[in-house]
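Chemist: Take a look at the following structure, please.
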Amino acid sequence: MLVWFASILVVLVVVALIAFDMFIRSRYEPTLDAMRQDVTAQVDLFCDEQTQLAADPWFHEPRVEGDAGPVLNAWVQWEDAGPSMPADSPLQLPAHLKEKKTLDEWFAAAPDLSSLRFEWMRELQRFDRWDTVRNLPFQHETPYNMMTAPVPNFIALLEWSKFRLLHGVKTGQPLEAARDVRHLAWLSYRTDSLLGAMIAYALLGQEHKAHALMEQPPAEWKPMSEAQRGRMRAVVWASMSFASIVSPVEVARKARSCGSAITRCIGLVEASNLARYLQPIAEPSFRAAYAELQKELATPCPSSMLTMVWEHGVTIDDRQPPGSAMPDPPTWMRSLPDAMRASTSPEHSWRSSARNSTRSRC
């Protein structure tokens with residue numbers, strides 16, 4: 001009787017587990033199937049848009065190879081309990097320029113910029129990338145959690161770009177100022193992060209606005225167009241969905257390689273962060289996708305962010321104790337323009353945003 005009772009109990013447990021598994025699958029598999037169908041249907045359009053974006057002159061300006069990290073990482077303020085900006089950093093602003101104003105408002109106010117020195121911007125033209133996980137003035141915690149790790153306070157770069165452009169226009173040197181700001185945008189883009197790419201988008205927008213504020217801008221000054229900037233924002237966001245482990249391997253491979261692969265590393269970093277976190281439970285179901293992501297490590301990205309995520313990234317097995325709250329958005333994020341703040345907030349759904357961006361922008 002005891003053997004029969006134990007056998008029946010085992011059978012009931014197995015049946016219950018199977019039923020539970022079927023219930024869970026019925027809840028999430030339709031969503032995953034819809035996403036797979038979505039990226040498959042959209043990949044050609046994505047590649048067309050990425051190819052158009054890759055043709056923009058900004059992606060082809062001559063640049064000197066080198067990492068700005070050892071310089072910039074020591075100059076900036078780091079958010080989320082990271083180091084403050086050093087008192088002797090060239091990014092320190094005088095008190096009368098710390099008021100938050102738009103570029104239009106600063107143009108109208110005509111502030112005194114005589115105390116500002118922009119040599120640090122020209123110094124950065126010795127580099128073509130910015131690694132924000134190496135050569136740091138602090139040590140990242142292990143395992144590495146990209147969602148909570150200290151990040152550079154990019155707002156300082158946005159503020160300095162306004163004054164650089166204003167100074168360039170007022171002194172009759174707008175092209176030199178635009179060159180500095182465009183390069184700052186490139187370094188932000190080459191952090192290989194979504195946040196860095198969105199800062200680049202904003203910096204290029206500042207340049208476009210300064211150009212519009214001039215009555216007779218130089219004919220050779222050609223900022224990135226609004227259409228291209230909109231395309232940049234959409235393609236960068238969508239790249240995460242195509243790099244996701246849910247995306248069919250052949251679709252993901254095509255999206256990463258088309259259009260000069262200008263969003264490959266950003267998409268891989270952002271998607272791999274989630275893939276790494278879920279790896280202990282997701283890899284058995286997405287083994288081909290995980291194998292493909294591992295292969296991508298053989299083709300280096302400008303920064304070491306992708307390697308950091310894969311080799312030292314947090315997984316679900318390293319999760320915080322039950323009941324622990326997600327951290328609040330950092331202070332600098334609250335200062336971003338509305339559209340960017342919505343895109344970078346932790347509670348924002350990156351999957352739905354990327355898919356909507358592809359549809360609405362592409």
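Readers should treat all values here as calculations from the given coordinates under stated rules, not as data from a laboratory. A quick note: this is a predicted structure, and the numbers were derived from the prediction, not measured. FYI the Cβ positions are ideal-geometry reconstructions off the backbone, even for glycines, and counts take in every protein chain you see.
Chemist: Loop only per DSSP, at most 16 neighbouring Cβ atoms within 10 Å: give me the GluC sites (Glu not before Pro) in the stretch 159-234, ordered by residue number.
Modeler: When the GluC sites (Glu not before Pro) of the stretch 159-234 are filtered for loop state and at most 16 Cβ neighbours within 10 Å, Glu215, Glu220 remain.
Chemist: Report the Cα-based extents of the stretch 97-234 along its three principal axes, largest first, to the nearest Å.
Modeler: Each principal axis gives a Cα extent; for the stretch 97-234 these are 53, 36, 28 Å.
Chemist: When Lys and Arg each count +1 and Asp and Glu each count -1, what net charge do the other residues less than 9 Å away from Leu103, Cβ to Cβ, add up to?
Modeler: For residues surrounding Leu103, the net value is +1.
Chemist: Another question about this same structure. Structure shown: which of Lys254/Lys295; Lys209/Lys254; Lys98/Lys209; Lys100/Lys170 lie over 25 Å apart, alpha-carbon to alpha-carbon?
Modeler: Working: Lys254/Lys295 15 Å; Lys209/Lys254 35 Å; Lys98/Lys209 20 Å; Lys100/Lys170 20 Å.
Over 25 Å Cα-Cα: Lys209/Lys254.
Chemist: Over the stretch 25-130, consider all pairs of different Cα atoms and compute the Kirkwood hydrodynamic radius from their mean reciprocal separation; express it in Å, one decimal.
Modeler: Its Kirkwood hydrodynamic radius stands at 19.0 Å.
Chemist: By how many nm would the segment from Trp221 to Ala110 lengthen if fully extended, with 0.36 nm per residue of separation less the alpha-carbon distance?
Modeler: Extra length available between Trp221 and Ala110 comes to 37.7 nm.
Chemist: What percentages, rounded to whole numbers, describe P(r) for the stretch 46-322 computed over all alpha carbon pairs with 10 Å bin width beginning at zero?
Modeler: 6, 27, 33, 22, 9, 2, 0
Chemist: Further question on the same structure: Is the stretch 194-253 best put as rounded, prolate or oblate by its Cα gyration tensor, with a ≥ b ≥ c the root eigenvalues, rounded for a/c under 1.5, and otherwise prolate when a/b is larger than b/c, oblate when not?
Modeler: Cα axes put the stretch 194-253 in the prolate bin.
Chemist: Another question, then. Tally Lys/Arg at +1 and Asp/Glu at -1 over every other residue whose Cβ is under 12 Å from the Cβ of Leu194; what's the total?
Modeler: Result for the neighbourhood of Leu194: -1.
Chemist: How high is the relative contact order of the stretch 46-322? Use alpha-carbon pairs under 8 Å, at least six apart in sequence, and give a whole percent.
Modeler: Details: 387 pairs, mean separation 63.3, N = 277.
Averaging sequence separation for qualifying contacts and normalising by length gives 23 percent for the stretch 46-322.
Chemist: Could you give the size of the charge dipole of the stretch 46-322 about its Cα centre, using +1 on the Cβ of each K and R and -1 on the Cβ of each D and E, expressed in debye and rounded to the nearest 20?
Modeler: Around 300 debye, computed over the stretch 46-322.
Chemist: Under a 5 Å amide H to amide H cut-off, with H placed in plane at 1.01 Å, what residues pair with Tyr144 once short-range neighbours are removed?
Modeler: Amide H neighbours of Tyr144, under 5 Å, 5+ apart: Gly313, Val314.
Chemist: To continue, here is another question. Among the chymotrypsin sites (Phe, Trp or Tyr not before Pro) in the stretch 109-139, which ones are in a DSSP loop with at most 14 other Cβ atoms within 10 Å of the Cβ? Mind listing them?
Modeler: Phe138
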